[in-house]
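All remarks here apply to the structure that follows.
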Amino acid sequence: MTLSNDALAETLLKQIGLNGRVARDIVGRFYGEISASLEAGNFVGLRGSNRFSAGELPQRLDRDSPTCELIPVDARQMASSGPGPELRAKADGTPRRS
């Protein structure tokens with residue numbers, strides 16, 4: 001299941017009664033905070049849900065498909081996401097260790 005910003009804003013609108021503009025602004029600010037923290041190289045964890053981290057992929061060589069030539073691929077930053085301990089325990093059906 002994929003949640004879009006609009007779907008989250010719609011949920012805030014229906015369940016809390018916020019107007020559409022305020023709900024979209026809250027969702028946008030929420031993801032803006034996560035993005036800013038990741039850009040600064042910080043770890044972000046959402047308790048009971050996911051955890052996010054930022055890292056850097058080093059420069060490497062890769063093969064160009066049409067020509068089979070080796071070409072350099074620049075170093076770049078990437079974000080990764082994975083289930084946190086609570087979400088993993090729920091998915092596995094095991095109690096979470098403290």
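Considering Cα pairs under 8 angstrom that are at least six residues apart, work out the relative contact order of the chain and quote it in whole percent.
Worked out over the chain, it gives 19 percent.
Given 20 °C and 1.002 mPa s, how large is the Stokes-Einstein diffusion coefficient of segment 54-98 in µm²/s, with Rh as the Kirkwood radius over Cα pairs? Walk me through the numbers before you get to the answer.
On the way: Rh = 13.9 Å.
The calculation lands on 154 µm²/s.
When the chain is modelled as a GNM with alpha-carbon springs shorter than 10 Å, which of 86, 69, 39 fluctuates the most?
Among 86, 69, 39, the largest mean-square fluctuation in the Gaussian network model of the chain belongs to 69.
List the residues, sorted by chain then number, that are 5 or more residues from residue 84 or on another chain and whose placed amide H is less than 5 Å from its amide H.
Placed amide hydrogens put 49, 50, 51 under 5 Å from residue 84.
For segment 52-59, take each phi angle, set θ = phi - 60°, evaluate the Karplus expression 6.51 cos²θ - 1.76 cosθ + 1.60, and give the result in whole Hz per residue in order, putting x for glycine and proline.
Listing the rounded values in order: 10, 8, 10, x, 10, 8, x, 5 Hz.
I'd like the Karplus ³J(HN,Hα) series for segment 78-91: coefficients 6.51, -1.76, 1.60, θ = phi - 60°, whole numbers in Hz, and an x wherever there's a Gly or Pro.
So the Karplus estimates, Gly and Pro as x, are 9, 10, 10, 9, x, x, x, x, 5, 5, 4, 5, 5, 5 Hz.
Using just the helices of the chain, give the 222 nm mean residue ellipticity in deg cm²/dmol: DSSP H runs with n ≥ 4 each add -39,500 (n - 2.57), and the total is spread over all residues, rounded to 500.
Result for the chain, helices only: -13000 deg cm²/dmol.
Provide the convex hull volume over Cα atoms per residue for the chain, in Å³.
Roughly 192 Å³ of hull volume per residue.
How big is the charge dipole of the chain about its Cα centre, in debye rounded to the nearest 20, if each Lys and Arg gets +1 on its Cβ and each Asp and Glu gets -1 on its Cβ?
Once rounded to the nearest 20, the dipole reads 600 debye.
I need the phi-derived Karplus couplings for segment 32-39: 6.51 cos²θ - 1.76 cosθ + 1.60, θ = phi - 60°, integer Hz, Gly and Pro marked x.
After applying 6.51 cos²θ - 1.76 cosθ + 1.60, I find x, 5, 4, 4, 4, 5, 5, 4 Hz.
All of the numbers you see were taken from the coordinates with simple rules; none came from a lab. Model, not experiment: these values are computed from the prediction. All Cβ positions, even for glycine, are placed from backbone atoms using ideal geometry, and neighbour counts span all protein chains on display.
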